[in-house]
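The values are calculated or read from the model by the stated rules, or taken from the named source; none is laboratory data. All values derive from a computational prediction rather than experimental measurement. Using ideal geometry, Cβ is built from the backbone for each residue, glycine included, and neighbour counts are taken over all protein chains shown. Remember, those area values only see protein heavy atoms, side chains included, never the ligands or the DNA or RNA. Shrake-Rupley method; radii C 1.70, N 1.55, O 1.52, S 1.80 Å.
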Amino acid sequence: MRQYSLKERKIEIATFRNYNNGYYTFFLDTEEAIIFEQIDKSILETYNLRDATSKGAKFEISYTEMIDDDDDDDFVVYRLDQLKPI
């Protein structure tokens, strides 16, 4: 039983889709959805992502993909670190 932990920082262009029950959904330019469970508090202070005003807005997003291997299952969490409007 091998366990590991990996963190990788990424930058992408994405469109904000919605906020639902603590999760923030963005669509990458590749049309792949990415759902953030964690978000930097400074982003929430700057952008109101919990209402419909930001829906459809395009951003350069900087995020961390955290992968933990526990009992042969990979557990992935995405943390949104920075937003820059485009």
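Structure summary
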item: Percent accessible area from carbon and sulfur atoms, the chain, protein chains only, probe 1.4 Å; result: 44
item: Efficiency of FRET from Cβ geometry, residue 11 and residue 53, R₀ 30 Å, rounded to 0.05; result: 0.80
item: Loop-located trypsin sites (Lys or Arg not before Pro) in the chain whose Cβ has at most 14 other Cβ within 10 Å (DSSP); result: 2, 50, 55
item: For region 22-39, Karplus couplings with θ = phi - 60° (6.51, -1.76, 1.60), whole Hz, Gly/Pro x; result: x, 10, 10, 9, 10, 10, 6, 4, 7, 6, 7, 7, 10, 10, 9, 8, 10, 8
item: Whichever lysines have a C-alpha closer than 16 Å to that of residue 10, once near sequence neighbours (fewer than 8 apart) are set aside; result: 84
item: Residues of the chain: accessible area per residue with a 1.4 Å probe, Å²; result: 69
item: Charge dipole magnitude, Cβ of K and R +1, D and E -1 - the chain, Cα centre, debye nearest 20; result: 620
item: Over region 41-86, relative contact order from alpha-carbon pairs under 8 Å, at least 6 apart, %; result: 39
item: Distance histogram in 5 Å bins (all Cα pairs of the chain, percent per bin); result: 3, 14, 25, 25, 14, 9, 6, 3, 1, 0
